[in-house]
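Structure record follows, encoded as structure tokens.
Coordinate-derived values only; no laboratory data. Computed from a predicted structure; not experimentally measured. As a convention, Cβ positions derive from the backbone with ideal geometry for all residues, glycine included, and neighbour counts pool all protein chains shown.
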Amino acid sequence: MSKDVDDPLLDHNYDGIQEYDNPLPGWWKLLFWASIVLCVPYTIYYHVMDGHSILDRFELDMKANVVSLNLTADGATILALRNDPEKLELVKGKFQTLCAACHRPDGTGMPALGPNLTDKYWKNVKSLTDIHRVLTNGVPGTAMVAQVSNLNKDELVLMSAYVASLSLNPKAGKEPEGEEVPAWPEEAQSKGSE
């Protein structure tokens, strides 16, 4: 049997089975070699040099979400932000990440941990600015640690407003702790000035 030059059959013959010579398509070979060539600068940039990893880009994106609002931590600002759902949405995820373990995702408190934030009873808070103080300094001797390493200046003010907003919709949860604060002093001042 004569073999033609264009015959794709190889000379192999195992138990009567012959193999075709089907080379990979050119586009496939091109992609294969391109990926090998491109992996060299990729490896150097991300593993040798200081290239941004996926986690770095995520953190940059998260920081970009909270633009600098230049908020002040006074009662009037916190009171105004408490009724701004768009701004509160900026820190809702942070509350779920940082606070929900002790206060539950809905703020109703965990036994032996964090108090119910939806009722009118507060342990370390008498005014809206006290919420900011607790977030900034923590409460010694408790699980409540300072959040200054987790939240920037504006996020601390927004988180204070978010926590204050939880009491607008009281929910059954952990038994009341502390003293009743029927209305925020800042709220009474704003109503008195109208």
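Under 15 Å from the Cβ of Gly51, count the other residues' Cβ atoms, weight Lys and Arg +1, Asp and Glu -1, and hand me the total.
-2
Of Met159, Met110, Met49, how do they rank once you tally other Cβ atoms within 10 Å and put the fewest first?
Result, fewest neighbours first: Met49, Met110, Met159.
If each DSSP helix of 4+ residues adds -39,500 (n - 2.57) and the sum is divided by the residues in the chain, what number results at 222 nm, nearest 500 deg cm²/dmol?
It comes out at -13500 deg cm²/dmol, rounded to the nearest 500.
For the chain, what is the number of Lys pairs with C-alpha distance below 19 angstrom, counting only pairs 8 or more positions apart or on separate chains?
14
Which value, in debye to the nearest 20, describes the size of the charge dipole of the chain about its Cα centre when Lys and Arg Cβ atoms bear +1, Asp and Glu Cβ atoms bear -1, and nothing else is charged?
The calculation lands at about 1160 debye.
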